[in-house]
Ligand code: SRM
Ligand code: SF4
């Protein structure tokens, strides 16, 4: 089947992570023993690699690192736990569970992620099991939230087209369930399940899609419902674009090979927008997902992890090769892609009535962080709403939250709570802030080179007056920041982006497409706040004065010559 690495024979070149996966006996490793070790709050590196498949990363509080080092203490080890829900849809009971475990076992906050999952930070090793058990009791899971497998399947939360949403949501769930790892390791380790699989042969049957070494790298699927591209479908390894004709879902266009991650100064790594390769009927999408994942399993690079994402497999072999391979494995051919149009990749805030007659309220949550501050009791307000809410909550791909499916009967009560706690639809913020995203970064992210979540709000405070002065307060401009070039807030698709280089220093990018359809381009390297503001000031006033009717900022900066357009198929660094 593969000329490269089908199930990664030991003799083929492979990275150390491949060995760890192979030795792990389907994600078990020595995790059970490691968790019982009370001498240290940390876990060994091999087990940490496996922990990712179980939805957790070991971290340490980087704010405390130097001080603890001086005091000759081990770093303040703690765990991040990612809880996934396909399409970001959760019940009020599940919200209340997240709230409870965040208070009891984590740092008292909930982080809504750019892939519509939850993250908890600061969970201690001894509390991991209880936390994961509570999560599972409420029918959510941390399994495969991280690791070399398919991650949370994203879906436009679409509060207004309720029927289409529920139909596409069912498909998202089916794709997600189908691609879940089937090893019993998760149940054995965390849920005290019976040890059912002893022999490798039996287990192999249990991982018919992934096999014993899983994928070469993480794999991401997103489903967009035009005209909204809020899930940034072109950033996904595999994208589905719902095609709705005469009010009915007729199928999906398929896009492949998107990805955001790169390393500074390494031209072999680059972000890329996905290519649309064809169309299939709704009932065919699981087959397409399965076969695509299996092609990546067999042909992805297992030797160099930096080169192991699906986008590189496609680039190395060509998109035509991929289509042929996919069609051959499917036993039928994809149809010609259908026409569609995206307007934007943002959220629509405030109240809207769905086609099912129920109400939906989209809230603005700065960088997805749900917490209580002295002057903003966001977490408490949402808890009070969850206690009386009979619909659902939807996490958006822009780190926001929708209180969804509110009956007309309950709307007044929910509105009262929104008012009492001052929960905001962002209307009193600038449109720039409403279109902003920042990754987690410091102090928890071990890969962060600069601040992001903790810095972007104050940078926005300084940019907003420039917008006000130029009458651009209500102009939608997409701005994103990350603390490193891994691209967790998909900054490479923003009209204005800052990617961390060193403490207080960022590379500044301009010219992304307003609907997430075009990568941006490097404008200035390694600049601090002063230079950021000095660069933006004249640009913003020129934009206000010179823009054409309906011209977006990302298009303007290209026309005005600040950066060159990144054409389709061109790489970021070109
Ligand atoms: Fe990410 C790694 C946070 C979405 C590309 N990402 C990390 C880690 C786990 C750091 C680590 O490996 O030690 C970060 C944990 C920080 C912390 O303290 O919480 C982290 N990524 C996040 C989240 C929480 C950002 C957020 O602010 O919401 C997002 C969680 C998503 C989820 O719920 O599943 C998150 N990460 C993304 C996205 C956006 C997306 O998926 O739509 C990307 C770019 C898309 C892509 O994958 O191409 C992304 N994260 C990465 C990468 C680079 C992968 C690559 O292509 O090379 C890494 C590093 C790695 O995998 O080695 C990474
Ligand atoms: Fe960490 Fe970098 Fe991702 Fe930000 S972009 S969360 S700094 S890995």
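The values are calculated or read from the model by the stated rules, or taken from the named source; none is laboratory data. Please read these numbers as outputs of a predicted model, since none were measured by experiment. Cβ sites come from the backbone with ideal geometry, for glycine too, and all protein chains shown count toward neighbours.
Here are some notes:
- Filter result for residue 255 (in contact (Cβ under 8 Å) with a residue 12 or more places away in the chain, within 16 Å of ligand 2 (Cβ to nearest atom) and either within 15 Å of residue 171 (Cα to Cα) or crowded, with 19+ Cβ neighbours inside 10 Å (or both)): no
- Residues of region 416-441 that turn out to be away from ligand 2 (no atom under 16 Å from the Cβ) and surrounded by 15 or more Cβ atoms within 10 Å (Cβ to Cβ), as a count: 14
- Test: residue 122 is closer than 28 Å to residue 77 by Cβ, away from ligand 2 (no atom under 16 Å from the Cβ) and either modelled with pLDDT of 95 or more or surrounded by fewer than 16 Cβ atoms within 10 Å (Cβ to Cβ) (or both): no
- Residue 397 satisfies every condition listed in (1) within 16 Å of ligand 2 (Cβ to nearest atom); (2) assigned to a helix (DSSP H, G or I) except (2).
- Helices (runs of 4 or more DSSP H) fully within region 9-88 counting 1 or more residues that are modelled with pLDDT of 90 or more: 16-23, 31-36, 45-53
- Residue 487 being within 22 Å of the chain's Cα centre (by Cα), at positive phi and away from ligand 2 (no atom under 16 Å from the Cβ): no
- Within region 281-300, the only residue that satisfies the criterion of being surrounded by fewer than 21 Cβ atoms within 10 Å (Cβ to Cβ) and either modelled with pLDDT under 95 or not in a helix (DSSP H, G or I) (or both) is 281.
Let's see how each residue does on (1) more than 16 Å from ligand 2 (Cβ to nearest atom); (2) surrounded by 21 or more Cβ atoms within 10 Å (Cβ to Cβ):
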residue	(1), (2)
54	yes, yes
66	yes, no
77	yes, no
81	no, yes
111	no, yes
114	no, yes
118	no, yes
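- Annotation note: Cβ proximity below 8 Å between a residue of region 119-141 that is farther than 22 Å from residue 400 by Cα and a residue that is assigned to a helix (DSSP H, G or I) and modelled with pLDDT under 95 (sequence gap 6+ or interchain) occurs for 125/35; 128/35; 129/35.
To keep it simple, each residue is scored yes or no on (1) away from ligand 1 (no atom under 16 Å from the Cβ); (2) in contact with a strand residue (DSSP E or B) (Cβ under 8 Å, 6 or more places away or on another chain).
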site	(1), (2)
409	yes, no
421	yes, yes
426	yes, yes
434	yes, no
442	no, no
445	no, yes
453	no, yes
456	no, yes
467	yes, no
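- Verdict on residue 457 being surrounded by fewer than 20 Cβ atoms within 10 Å (Cβ to Cβ), assigned to a loop (DSSP other than H, G, I, E, B) and within 16 Å of ligand 2 (Cβ to nearest atom): no
- Residues satisfying the stated conditions in region 115-168, i.e. more than 10 Å from ligand 1 (Cβ to nearest atom), in a strand (DSSP E or B) and under 17 Å from the mean Cα position of the chain (by Cα): 141, 150, 155
- Complete set of residues in region 32-50 that are out of contact with any helix residue (DSSP H, G or I) (no Cβ under 7 Å at 6 or more places or on another chain) and either touching a residue at least 60 places away in the same chain (Cβ under 8 Å) or surrounded by fewer than 18 Cβ atoms within 10 Å (Cβ to Cβ) (or both): 33, 36, 37, 38, 39, 40, 42, 45
- All strands (runs of 3 or more DSSP E) inside region 492-539 with 3 or more residues being under 30 Å from residue 225 (Cβ atoms), touching a strand residue (DSSP E or B) at 6+ places or on another chain (Cβ under 8 Å) and free of Cβ contacts under 8 Å to residues at least 24 places away in the same chain: none
- None of 217, 184 is touching a helix residue (DSSP H, G or I) at 6+ places or on another chain (Cβ under 8 Å), surrounded by 15 or more Cβ atoms within 10 Å (Cβ to Cβ) and at pLDDT below 95 except 184.
Residues checked against (1) away from ligand 2 (no atom under 16 Å from the Cβ); (2) part of a loop (DSSP other than H, G, I, E, B); (3) at negative phi; (4) buried (at least 22 other Cβ atoms within 10 Å of the Cβ):
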position	(1), (2), (3), (4)
443	no, yes, yes, no
446	no, yes, yes, no
451	no, yes, yes, no
466	yes, no, yes, no
476	yes, yes, yes, no
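- Residue selected from region 365-384 under the condition touching a residue at least 60 places away in the same chain (Cβ under 8 Å) and not in a strand (DSSP E or B), by the criterion farthest from residue 417 (Cα to Cα): 367
- When residues in region 540-552 are screened for being surrounded by 19 or more Cβ atoms within 10 Å (Cβ to Cβ) and part of a loop (DSSP other than H, G, I, E, B), 1 of them pass.
- For beta carbons closer than 8 Å, sequence separation of 6+ or different chains, a first residue in region 103-114 that is more than 17 Å from residue 128 (Cβ to Cβ) and away from ligand 1 (no atom under 12 Å from the Cβ) and a second that is at pLDDT below 95 and not in a helix (DSSP H, G or I), there are no qualifying pairs.
- Condition met for residue 471 (at positive phi and buried (at least 19 other Cβ atoms within 10 Å of the Cβ)): no
- When 526, 507 are checked against the criterion of being surrounded by fewer than 17 Cβ atoms within 10 Å (Cβ to Cβ), more than 15 Å from ligand 1 (Cβ to nearest atom) and more than 22 Å from residue 115 (Cα to Cα), 526 stands alone in meeting it.
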